[in-house]
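Chemist: Sending over a structure as C-alpha cells; questions will come in a sec.
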Amino acid sequence: MEFFLYLIYLVITLVVVSLGDYYFRLIYLSGKDTFEKQELTDWTRIIPSKIVSIFESAGSLQHGLLAFGLSTFFAYVWTLTGGLIGSPHYTDSFGNYFFLSFLMPVLVLAFYSFISSEILRAARISRNSGSFLARLLNQEIPLLSGIFISVIASNLAVYGLYHEISFLFVLPNVLILMVLLILRWNGKVKFGGIRMDREEEEAEDLEEDL
C-alpha cells in the first residue's frame, strides 16, 4: 500500500513541480507583463512538454528516462534506510528524519560534478567516451530530478499513510526540495558562490584562461 501511494505521489509531484517551473519561467524569467489565457491554463500542452524537456535535457530521451528511473529507485531505498538502524522508517525518530530530509538531495546537487567526475575517473572512462556509464552520468538534470522528486514523494507517502512523522517537518522539507529543484532547472542555484550550471562554469573558466 505504501509503495502504491508513493508512486501516486511521485507522479503528482512531477506534475506539480513541472507546473511550478513553467509558471516561474513565464512570470519571472520571460520578461512579459501580460499573458494570454492559453499560456496560463493550457495544461494538456504545458505538462507533457515540460516533463519531456526534463528527460531530454541532455539530448537523449532514452537515457534521461533511465537516469530518472535509477535515481528515483536509489532515493526511495535511501528514505527506507532509517528503518534498518532503528524503529520502522515511518516513525517519529531521528534516523527517519535524517533519511527523509533534504540533506542527501542537496549534497548530491552541490557536489554532482565532483561525484560524477570521480566515478568516471575511478572507472577510467572519459566523459566524452560514449560509454553507457558516461552517458548515464551526463544526464545530470534527470538524475537530480529523480532524487528530489522521489524524496518528496516518500515524505508525502509516509506522512499520508502513517501520520507519525511531524507535519512541521514534512511541509518545509517538501517546499525546500521543490524550490531548489526549480531553481536548478533554471541554472539559478549557487553554493558558496560557485554556480552549479556547468555551461556558466565552463565559460568562466575560459575567460580566466584568456
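The values are calculated or read from the model by the stated rules, or taken from the named source; none is laboratory data. The structure displayed is predicted, hence computed values, not measured ones. Don't worry about glycine lacking a Cβ; one is built from the backbone with ideal geometry, like all the others, and counts go over all protein chains shown. To get the accessible areas, we keep the full protein, side chains included, count just its heavy atoms, and leave off ligands, DNA and RNA. Shrake-Rupley method; radii C 1.70, N 1.55, O 1.52, S 1.80 Å.
Chemist: Could you please tell me which pairs satisfy a Cβ distance under 7 Å, a separation of 6+ or placement on different chains, a first residue in the stretch 64-75 that is closer than 16 Å to S116 by Cα, and a second residue that is of a type in the set (A, V, I, L, M, F, W, C) and open to solvent by 80 Å² or more (accessible area, probe 1.4 Å)?
Modeler: none
Chemist: Taking the stated definitions as given, is R135 closer than 21 Å to I54 by Cα and open to solvent by 70 Å² or more (accessible area, probe 1.4 Å)?
Modeler: When the stated conditions are applied, R135 passes them.
This table checks each residue for (1) surrounded by 17 or more Cβ atoms within 10 Å (Cβ to Cβ); (2) modelled with pLDDT under 95; (3) under 15 Å from L14 (Cα atoms).
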| residue | (1), (2), (3) |
| --- | --- |
| D33 | no, yes, no |
| L40 | no, yes, no |
| I46 | yes, yes, yes |
| I54 | yes, yes, yes |
| L61 | no, yes, no |
| L66 | yes, no, no |
| G69 | no, no, yes |
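Chemist: I've got another one for you. Quick one: which residue in I141, I115, I147 is open to solvent by less than 30 Å² (accessible area, probe 1.4 Å) and in a helix (DSSP H, G or I)?
Modeler: None of the others qualify; the one that does is I147.
Chemist: Inside the stretch 153-177, can you point out the residues that are open to solvent by 10 Å² or more (accessible area, probe 1.4 Å), in contact (Cβ under 8 Å) with a residue 12 or more places away in the chain and in a helix (DSSP H, G or I)?
Modeler: Of everything in the stretch 153-177, those that are open to solvent by 10 Å² or more (accessible area, probe 1.4 Å), in contact (Cβ under 8 Å) with a residue 12 or more places away in the chain and in a helix (DSSP H, G or I) turn out to be L156, G160, L161, Y162, F169, V174, I176.
Per-residue answers, yes or no, for (1) in contact with a Phe, Trp or Tyr (Cβ under 8 Å, 6 or more places away or on another chain); (2) more than 20 Å from G59 (Cα to Cα); (3) at pLDDT below 95:
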residue: N128; (1), (2), (3): no, no, yes
residue: L136; (1), (2), (3): no, no, yes
residue: E140; (1), (2), (3): yes, no, yes
residue: L143; (1), (2), (3): yes, no, no
residue: G146; (1), (2), (3): yes, no, no
residue: V151; (1), (2), (3): yes, yes, no
residue: L156; (1), (2), (3): yes, yes, no
residue: Y159; (1), (2), (3): yes, yes, no
residue: V174; (1), (2), (3): no, yes, no
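Chemist: List the number of the failed condition for G187; all other conditions in (1) outside any loop (DSSP other than H, G, I, E, B); (2) modelled with pLDDT under 95; (3) open to solvent by less than 20 Å² (accessible area, probe 1.4 Å) hold.
Modeler: Every listed condition holds for G187 apart from (1).
Chemist: Just checking, does the stretch 11-28 include any residue being within 30 Å of L133 (Cβ to Cβ), assigned to a helix (DSSP H, G or I) and open to solvent by 70 Å² or more (accessible area, probe 1.4 Å)?
Modeler: yes
Chemist: Here's another thing I want to ask about it. I'd like the full set of residues that are assigned to a loop (DSSP other than H, G, I, E, B) and open to solvent by less than 30 Å² (accessible area, probe 1.4 Å), limited to the stretch 99-112.
Modeler: S101
Chemist: Given the criterion free of Cβ contacts under 8 Å to residues at least 12 places away in the same chain and among the aromatic types (F, W, Y), identify the matching residue among F102, F111.
Modeler: Residue meeting the stated conditions: F111.
Chemist: Taking Y90, is it in a helix (DSSP H, G or I), surrounded by 16 or more Cβ atoms within 10 Å (Cβ to Cβ), in contact with a helix residue (DSSP H, G or I) (Cβ under 6 Å, 6 or more places away or on another chain) and modelled with pLDDT of 90 or more?
Modeler: Here the answer is no, as Y90 does not meet what is asked.
Chemist: From (1) farther than 26 Å from N138 by Cα; (2) out of contact with any His (no Cβ under 9 Å at 6 or more places or on another chain), pick out the condition that doesn't hold for N96.
Modeler: If we test N96 against (1) farther than 26 Å from N138 by Cα; (2) out of contact with any His (no Cβ under 9 Å at 6 or more places or on another chain), just (2) comes out false.
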